[in-house]
Amino acid sequence: MVWPWLQRLGEGLVDLVFPPNCVACHGPAPEYLCASCIASIRRVERPLCHCCGRPLDLLSVSPESSFRERALCARCRALPVEFDRCRAYGWYEGALREAILALKYHGKTAVIPALAELLRRALDEDPVLSRARTLVPVPLHPRRRRERGFNQAELLARALAAQSGRALRCDLIVKTRYTRPQVGLNAEQRRENLRDAFAVQGEAAPAGPILLIDDVTTTGATFHACACALRAAGATTIYALALARD
């Protein structure tokens with residue numbers, strides 16, 4: 001394992017010899033994600049499901065429908081989630097996808113501040129999520145963390161906490177069971193795969209709204225599983241925020 005300060009020193013020396021490039025387009029970029037690539041990110045536009053944050057097809061809903069039918073997507077009506085609200089900055093494609101892949105699978109941790117800034121923008125734009133005072137990253141199983149060397153959600157949450165002045169609880173939730181990859185599973189299978197895979201360790205959940213942080217959300221199954229553990233520990237208001245929606 002490389003000590004964080006040693007890794008930062010190494011990255012700094014490399015930057016002196018090779019100026020930093022954008023992890024997405026590979027052009028010059030002091031923050032490792034250039035302005036052009038950030039501008040190219042396709043945002044998740046309203047109207048959105050009040051709960052999971054997926055786009056709503058209002059044309060398919062009758063004007064006589066109930067508020068629940070108009071505010072929630074079909075998936076949330078059929079398969080309710082334990083978190084109260086979820087949002088994502090952009091779609092998992094193009095420059096945002098390249099940046100996340102560079103972070104997770106190529107160890108490009110220098111892009112973290114730029115990605116955390118996108119999370120901060122999404123947080124500031126949402127008056128509901130902005131109420132959260134405590135950030136909690138989605139944990140990795142210890143085995144997966146050893147394989148990768150870091151938890152990208154924790155790095156993002158740490159940077160976001162520093163940028164936004166919010167409290168950070170990296171130790172609140174642990175993943176107690178190693179699970180198969182979620183790729184190729186539908187929403188119900190993903191939820192079953194993660195059932196009882198997370199736990200709150202040692203104490204009750206902190207008071208006030210909690211904001212779960214992750215890099216990518218697809219069906220919301222991971223956020224749901226974490227929220228189940230938080231509810232069991234007494235959490236009353238749980239929000240979720242991801243960089244990208246797949």
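Does region 115-128 contain at least one residue that is among the acidic types (Asp, Glu), under 20 Å from THR222 (Cβ atoms) and in contact (Cβ under 8 Å) with a residue 24 or more places away in the chain?
yes
Restricting to region 202-227, what's the tally of residues that are aliphatic (A, V, I, L, M), assigned to a strand (DSSP E or B), closer than 26 Å to LEU101 by Cβ and touching a Phe, Trp or Tyr at 6+ places or on another chain (Cβ under 9 Å)?
Step one: list which residues in region 202-227 are aliphatic (A, V, I, L, M), which gives 204-205, 207, 210-213, 216, 221, 225, 227.
Still in the list and also assigned to a strand (DSSP E or B): 210-213, 216.
Now narrow it down to the ones that are closer than 26 Å to LEU101 by Cβ: 211-213, 216.
Now drop any that are not touching a Phe, Trp or Tyr at 6+ places or on another chain (Cβ under 9 Å), which leaves 211-212, 216.
Number of matching residues: 3.
Need at least 2 residues that are within 14 Å of the chain's Cα centre (by Cα) per element, so show me which helices (runs of 4 or more DSSP H) inside region 111-177 make the cut, counting only ones lying wholly within it.
Numbers: elements: 112-125, 142-148, 152-164.
Counting at least 2 such residues, we get 112-125, 152-164.
Contact list please: Cβ distance under 7 Å, first residue in region 209-227 and at positive phi and small (Gly, Ala, Ser), second residue in a strand (DSSP E or B) and buried (at least 24 other Cβ atoms within 10 Å of the Cβ), pairs at least six apart or on different chains.
Every condition considered, the pairs that remain are GLY220/CYS86.
Say we look at region 165-180 and pick out the residues that are touching a strand residue (DSSP E or B) at 6+ places or on another chain (Cβ under 8 Å) and surrounded by fewer than 21 Cβ atoms within 10 Å (Cβ to Cβ); which of these is farthest from GLU203 (Cα to Cα)?
Here is the first cut: in region 165-180, the residues touching a strand residue (DSSP E or B) at 6+ places or on another chain (Cβ under 8 Å) are 166-170, 172-176.
Then drop every residue that is not surrounded by fewer than 21 Cβ atoms within 10 Å (Cβ to Cβ), which leaves 166-170, 174, 176.
On the way: ARG166: 20, ALA167: 17, LEU168: 15, ARG169: 12, CYS170: 14, VAL174: 12, THR176: 16 Å.
Looking at residues that are touching a strand residue (DSSP E or B) at 6+ places or on another chain (Cβ under 8 Å) and surrounded by fewer than 21 Cβ atoms within 10 Å (Cβ to Cβ), I get ARG166.
If you check VAL61 against the conditions, is it surrounded by 12 or more Cβ atoms within 10 Å (Cβ to Cβ) and either modelled with pLDDT of 90 or more or touching a strand residue (DSSP E or B) at 6+ places or on another chain (Cβ under 8 Å) (or both)?
Criteria not met by VAL61.
How many of the residues making up region 77-121 are within 20 Å of ALA39 (Cα to Cα), of a type in the set (D, E, K, R) and out of contact with any strand residue (DSSP E or B) (no Cβ under 9 Å at 6 or more places or on another chain)?
Here the count works out to 3.
The values are calculated or read from the model by the stated rules, or taken from the named source; none is laboratory data. Please read all numbers here as calculations on a predicted model, not as lab measurements. For neighbour counting, all protein chains shown are included, and Cβ atoms are generated from backbone atoms with ideal geometry for every residue, glycine included.
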